[in-house]
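The values are calculated or read from the model by the stated rules, or taken from the named source; none is laboratory data. Treat the numbers as computed from the prediction; the structure is a model and nothing was measured. Neighbour counts run over all protein chains shown; Cβ positions are idealised from the backbone, glycine included.
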């Protein structure tokens, strides 16, 4: 990095123009209109104009989900609303985002599930738990995985392991990145390359754009679903578009 320069996070729109100039030590994707940002080791929230909505004060924080966001203060997790007020006090050792009206939390090494009022729907009794998806969640008890319903009743025993094929293409917007030799391109659902393998690194599409770069030391840019560059590749690091904005890491003049 050049002398007098520093790397900071900002946000761009789909034309590559800065909507929020790089000024954050770290930044996360927008979710429900707000994004987590970090300044001087504290995390807070901004809106899409860059206005600080919730002052940086938390040791850890995550995006909003179903109107609440999990935040950590003094090593305990709780949940705030979009005005920064605690909806559920920080009393948990671990906490997940709300999904299907429930959130997993851990106290004393055991996981359970709470509702939006902070009341236990399923008491902490599990060694680990995944989020609810539909009407079931996967939990671990006595060294085995089982599926439970929203009342905590056992539905079925889960497989002992889940095989993972890392070469399985991940399709979004009808396209998936696929590596051939030392380059990556994009195939359609018929398995045909519609964007030639010319990239060193390429990520799945999101909201019509994909992150790519042409060399290990090259800058990151974005392409559209036709393979055309959306704008000049100029970012040290970039993340996917969410709600029309993407967070990017760029070199700025040191203040």
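Taking residue 49 as the residue in question, decide whether it is in contact (Cβ under 8 Å) with a residue 24 or more places away in the chain, surrounded by fewer than 16 Cβ atoms within 10 Å (Cβ to Cβ) and in contact with a strand residue (DSSP E or B) (Cβ under 8 Å, 6 or more places away or on another chain).
yes
Return the residues of the stretch 114-136 that are in contact (Cβ under 8 Å) with a residue 24 or more places away in the chain, in contact with a strand residue (DSSP E or B) (Cβ under 6 Å, 6 or more places away or on another chain) and surrounded by 14 or more Cβ atoms within 10 Å (Cβ to Cβ); say none if nothing qualifies.
Answer for the stretch 114-136, where residues must be in contact (Cβ under 8 Å) with a residue 24 or more places away in the chain, in contact with a strand residue (DSSP E or B) (Cβ under 6 Å, 6 or more places away or on another chain) and surrounded by 14 or more Cβ atoms within 10 Å (Cβ to Cβ): 114, 118, 121, 122, 129, 130, 131, 132.
Would it be correct to say that residue 210 is crowded, with 19+ Cβ neighbours inside 10 Å, in contact with a strand residue (DSSP E or B) (Cβ under 6 Å, 6 or more places away or on another chain) and closer than 21 Å to residue 30 by Cα?
Yes.
For the stretch 1-19, which positions are more than 19 Å from the chain's Cα centre (by Cα), modelled with pLDDT of 95 or more and either at positive phi or buried (at least 18 other Cβ atoms within 10 Å of the Cβ) (or both)?
Selection gives 16 alone.
If you check 111, 147, which single one turns out to be closer than 16 Å to residue 97 by Cβ and in a strand (DSSP E or B)?
111
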